[in-house]
Amino acid sequence: MRISVRFLLTAILLASLLVGVFAGDVWAQTRTKIRYALGDVISIDELPLLIAVERAKQRGVDVEVTSFKSEEVATQAVINGQADVGQGTPYAAVQKVSIPIRFFYQLSALQFFPIVNKENYKSWKDLDGQEIAVHTRGSGTEAIMNLAAKEHGIKYKSVSYVPGSQVRALALLKGTIKATILDAPNKNLVMKEAPDKFILLPLGNVKASDEALFATTDFLEKNRAAISVFLEELTKVSRAMNANPNWVLEERKKLGLLKDLPQKLEAEILPFFQEAVKSNVFPNDGGGESAARNDLEFYRLSGALKGENLKVEDFWYLAPLKAALANVK
Amino acid sequence: MERKNLVAIGVVWPLISFAFFFGLWELAGWWPISVAFPPFSKTLLALLAMIADGSLPRAYLSTFQPLVIGMVLCGIAGIGFGIGMGLSRAVEWFTLPIFIILQAAPMAAIIPLITYLYGIGLTSKVLAVVFLAAPVIVMNSYKGIRNTNPSLIQMCRSFLGTKRQEVVKIVLPHAGALIFAGLRLGLAMGFIGVVIAELLITPTGIGDLITYHSSVADYPEMFAAIASIIVIAALTIHGLERLERTLFPPEIRGS
């Protein structure tokens with residue numbers, strides 16, 4: 001009798017172990033992991049991404065977001081196979097690297113603000129022969145400033161490279177630089193800290209991606225279902241945000257995202273998204289072919305892309321977006 | 001004949017070593033270990049192109065500016081502090097901990113602090129060079145003074161030499177070799193400081209070439225810029241080492 005009890009216990013233990021192993025295996029098979037490389041620190045502008053990540057997780061796709069120091073490092077992670085999907089606009093790398101990497105979704109369009117010290121300059125014409133500061137050589141900020149100079153028939157004396165909108169905003173407030181270009185949160189910061197000291201210069205319609213998703217075509221083809229789920233969620237988030245910017249705040253609260261955000265930054269969430277939505281920063285359709293064409297034109301003018309007659313299919317892989325949009329009502 | 005053989009060995013072996021290293025680099029580039037890793041031949045071509053179009057010489061003009069200013073400051077103030085610390089217990093007590101802390105501090109973590117205090121201009125870059133180079137120069141000068149052979153000092157005193165004569169005729173010549181070695185090691189740290197500053201503060205000079213070519217995926221040019229600063233730093237340090245051997249032969253170095 002004692003033996004049979006022991007036998008029974010062992011059998012139960014073995015059975016539960018087997019069930020556990022198989023269940024784990026089935027669980028692992030039904031879930032897909034996407035290693036996502038972000039070339040930035042996670043802050044309020046990443047909230048749409050974080051919401052989409054949470055929603056994709058509920059549908060069996062685990063998007064593991066890793067924050068890297070810069071877009072270049074994130075791009076290298078994708079090139080070397082340490083990440084599956086990267087975020088940014090490394091058009092030059094896509095053109096020059098021998099493995100096929102393609103963009104497949106536009107997260108957001110460029111939104112920058114040329115800003116000058118009122119005491120020194122009042123208009124674009126005043127910047128003729130003057131010094132300006134932009135992010136880095138060959139960056140989108142430099143391209144925007146150069147396009148504006150061309151449009152207004154002016155020439156800068158010199159262009160200084162000061163990486164980071166936050167650094168340029170502080171330098172502007174300290175008076176070290178007099179004319180630069182900032183992203184929305186830092187433009188708001190400068191205007192709040194010294195409302196009467198600076199003015200924004202008007203900018204024509206610049207249409208290009210600020211953040212887009214890219215991956216190897218091999219990964220996109222092998223993980224169609226997971227990528228479709230992720231893109232569907234990103235599209236739904238963009239549409240919900242565009243319909244009501246306050247939705248981001250509600251979702252953040254519901255999902256418990258960026259819990260330890262300082263109160264000062266918390267107050268900036270709604271104005272940031274209201275302004276971005278007003279400026280059509282988040283596309284309802286993932287950008288697609290029109291975004292691709294605008295990007296090719298803009299990044300060719302910026303000097304990042306070389307050559308004439310650039311083809312969309314050499315830079316973008318549109319099939320995953322088309323498949324995802326077909327599933328989003 | 002034997003001397004001729006020694007010279008041949010001194011030339012041939014380093015050449016074989018270089019050929020082996022560059023050969024491995026070429027293979028690794030074609031294999032490739034990463035699609036972003038260019039072979040040696042492409043890097044060399046990129047380097048020549050950058051020299052020909054003037055971008056590399058222009059970059060070095062800009063990079064050498066904070067390096068030279070920083071090294072001159074370190075040379076004057078650093079050796080001064082080192083000698084002061086070596087000769088006076090009070091100066092030693094007051095300044096030694098600062099230089100020990102500076103020597104141990106990770107510079108990449110301090111640079112953001114420098115930019116907050118001194119902005120993004122030339123001053124910050126000079127300070128990055130000084131913060132890295134000064135501790136080595138100061139500590140070497142200090143140790144050189146402190147390690148003066150006591151019997152030489154005794155000898156000076158027994159000949160009724162004054163304190164001034166003791167310092168000028170015994171201590172300083174004896175410490176010269178270590179002070180010079182400190183300058184050489186300090187320059188090596190200075191090279192590290194200026195590149196870190198150009199990569200972390202604002203991209204200028206060689207830092208700009210590395211950052212820009214990396215951002216537009218011109219990997220051979222990026223590697224050429226990195227290789228050029230390594231070669232220039234290594235050649236400068238090696239040149240100084242040879243000068244040091246000529247100026248301070250082993251019998252003077254006292255080791």
* Of all residues in region A:159-176 being more than 9 Å from chain B (Cβ to nearest Cβ) and part of a loop (DSSP other than H, G, I, E, B), the one that is surrounded by the most Cβ atoms within 10 Å (Cβ to Cβ) -> A:Gly164
* **Test: A:Gly88 is modelled with pLDDT of 90 or more, surrounded by fewer than 21 Cβ atoms within 10 Å (Cβ to Cβ) and out of contact with any strand residue (DSSP E or B) (no Cβ under 6 Å at 6 or more places or on another chain)** => no
* So which residues in region A:270-291 are assigned to a helix (DSSP H, G or I), touching a residue at least 12 places away in the same chain (Cβ under 8 Å) and of a type in the set (S, T, N, Q), if there are any at all? -> A:Gln274
* **region B:54-94: number of residues that are closer than 16 Å to B:Gly176 by Cα, crowded, with 16+ Cβ neighbours inside 10 Å and free of Cβ contacts under 8 Å to residues at least 24 places away in the same chain** => 1
* Asked: under 15 Å from the mean Cα position of the chain (by Cα), hydrophobic (A, V, I, L, M, F, W, C) and away from chain A (no Cβ under 14 Å), is that true of B:Ala181?
  -> yes
* Conditions (1) of a type in the set (A, V, I, L, M); (2) farther than 29 Å from A:Asp218 by Cβ; (3) surrounded by 16 or more Cβ atoms within 10 Å (Cβ to Cβ); number of the one not met by A:Leu249 -> (3)
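Is it true that A:Ile144 is among the aliphatic types (A, V, I, L, M), more than 30 Å from B:Lys42 (Cβ to Cβ) and crowded, with 19+ Cβ neighbours inside 10 Å?
Yes.
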* Go through the residues of region A:229-246 one by one and say whether even a single one is closer than 21 Å to A:Val41 by Cβ, surrounded by fewer than 17 Cβ atoms within 10 Å (Cβ to Cβ) and either among the aliphatic types (A, V, I, L, M) or outside the structural domain of A:Ala323 (by TED's automatic domain parsing) (or both). => no
* Would you check if there is a residue in region B:149-161 being closer than 15 Å to B:Met71 by Cβ and surrounded by fewer than 23 Cβ atoms within 10 Å (Cβ to Cβ)? => no
* Scanning region B:202-223 for residues that are at the interface with another protein chain (Cβ under 9 Å from one of its Cβ atoms) and of a type in the set (Val, Ile, Thr), which turns out nearest to the chain's Cα centre (by Cα)? -> B:Thr204
* Asked: What is the number of the single condition among (1) part of a helix (DSSP H, G or I); (2) buried (at least 23 other Cβ atoms within 10 Å of the Cβ) that B:Ile120 does not meet?
  -> (1)
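The values are calculated or read from the model by the stated rules, or taken from the named source; none is laboratory data. Bear in mind that the values here come from a model prediction, so they are computed numbers and not experimental data. Note: ideal-geometry Cβ built from the backbone for every residue, glycine included; neighbour counts use all protein chains shown.
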